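Notes follow the structure.
The values are calculated or read from the model by the stated rules, or taken from the named source; none is laboratory data. Keep in mind the model is a prediction, meaning the values are calculated, not measured. In this analysis, Cβ positions are derived from the backbone assuming ideal geometry, glycine residues included, and neighbour counts consider all displayed protein chains. Just the protein is used for accessible areas: all its heavy atoms, side chains included, with ligands, DNA and RNA removed. Shrake-Rupley method; radii C 1.70, N 1.55, O 1.52, S 1.80 Å.
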Amino acid sequence: MLIPLLLLVLGLVLLVKGADWLVDGATVLAKKNRISDLAIGLTIVAFGTSAPELVVNVVAASGNHPDIVFGNVIGSNNFNLFVILGISGLIIPLSVQSSTVWKEIPYSLFAAILLFFLTHSVLMDGDGQLSRLDGTILLALFVSFLYYVSTQLRSEETEQVIQSSDYSKGKIWGLIVIGLAGLVLGGKLVVDNAVSMAQTLGVSEKIIGLTIIAAGTSLPELATSIVAAYRKNTDIAIGNIIGSNIFNLFLILGISSLVRPLDYSPSFNTDIYMLIGGTVFLFIAMFTGQRKKLDRWEALVLLTTYLLYTGYLIGLEG
């Protein structure tokens, strides 16, 4: 039991550091090419901080662990939305751009609702599965999201270009490659040892995915958004979370279901309801209190809701 736990922790460390190196290299590369903070948050930082979920899910899907796949993505999105935005919003009220209010937040809500309907295809064909066709639909929508962001790039100016003689092309690409290697090895360690611990403790893979793995793979998002909040760069703080949630649902579940069709357990319904409800709350919060801002009391509501929800999950398992 001790060895799988230590290997799980080692895997999480590799995931976090790998994502950190990947984000550092990619962000400097983007800044050198005059890309805006919001666009970086929605794409490069979001992809880099979602990379742990991607690697874990590809490994889990190939090993036929669908509960870990769904638990990791849905759990990570709920952790991002309720905990990371909650903590970041307590540090500083998060101002939100109009495009995020009217486009990115609704797009992430659409993604969550679509996931519910795709996984409930049982209503139509008795399948109850996220099929390869469903995965293709998710990936097509992900491409449409990237197209939207690319149009944003053409209409926004960069606030600042990094002047860094310390970051040569070799160093930038070295960070990216080493980061990816850390992600791959870390993802393998996390999945293998999480499954081993679940079997030893008699805990379901669903709970392991929704809690330990989801929180662990969300550590890059947590660190990125908290640092951004302290630096009062709210575009990065909230763009990272919304972007990561869209990446998780469209890109990661899309790729995972292409690796292997994923059997869906209705026990995840409550977790999807939480994700949909939390996203709706975030949208409404843009029009209560200070407009286009997540106020501290709203951030506290998010964080408190997640703590109660987690207690509920643990109670059900017991």
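Gly11: net charge of surrounding residues, Cβ under 14 Å, Lys/Arg +1, Asp/Glu -1, itself excluded? Mind dumping the intermediate values first?
On the way: positive: Lys17, Lys188; negative: Glu53, Asp192.
Local charge sum for Gly11: 0.
Report, to two decimal places, the Cα Rg of the chain normalised by 2.2 N^0.38 Å (N = number of residues).
So the Cα radius of gyration is 0.95 times the expected 2.2 N^0.38 Å.
Rolling a 1.4 Å probe over the heavy atoms of the protein chains gives the chain an accessible area of 42 Å² per residue.
For the chain, modelled as a GNM whose springs connect Cα atoms under 10 angstrom apart, the maximal fluctuation among Pro93, Pro52, Pro220 occurs at Pro93. The alpha-carbon of Lys188 sits under 23 angstrom from the alpha-carbons of these lysines, leaving out residues fewer than 8 places away in its chain: Lys17, Lys206.
Within the listed set Thr305, Thr217, Thr151, the Gaussian network model of the chain (springs between alpha-carbon atoms below 10 Å) gives the highest mean-square fluctuation for Thr151. Evaluating 6.51 cos²θ - 1.76 cosθ + 1.60 at θ = phi - 60° for every residue in the stretch 228-233, the Karplus couplings come out as 5, 5, 4, 7, 6, 9 Hz, glycine and proline recorded as x.
Could you list, in their original order, any pairs among Lys103/Lys293; Lys103/Lys292; Lys171/Lys232 whose Cα atoms are separated by more than 19 Å? Intermediate results must be reported in sequence, preceding the final value.
Working: Lys103/Lys293 15 Å; Lys103/Lys292 13 Å; Lys171/Lys232 28 Å.
Violating the 19 Å Cα-Cα cut-off are Lys171/Lys232.
Using θ = phi - 60° in the Karplus curve 6.51 cos²θ - 1.76 cosθ + 1.60, the 3J(HN,Hα) couplings for the stretch 206-223 round to 4, 5, 4, x, 6, 10, 4, 5, 4, 5, x, 6, 8, 4, x, 4, 4, 5 Hz; x is entered for Gly and Pro. Over the chain, what is the relative contact order in percent, taking alpha-carbon pairs closer than 8 angstrom and at least six residues apart? Worked out over the chain, it gives 44 percent.
If you bin all the Cα-Cα distances of the stretch 164-248 at 5 Å, starting from zero, the percentages per bin are 3, 12, 14, 16, 19, 17, 10, 6, 3, 1, 0.
Stretching Leu5 away from Ile226 to a fully extended chain increases their span by 76.9 nm, per 0.36 nm per residue minus the current alpha-carbon distance.
Tell me, which longest segment in the chain has none of the GluC sites (Glu not before Pro) that fall in DSSP loops with at most 16 further Cβ atoms within 10 Å? It works out to 160-318. Taking Asn193, Asn57, Asn80 as the candidate residues, the one with maximal mean-square fluctuation in a Gaussian network model of the chain, Cα springs under 10 Å, is Asn193.
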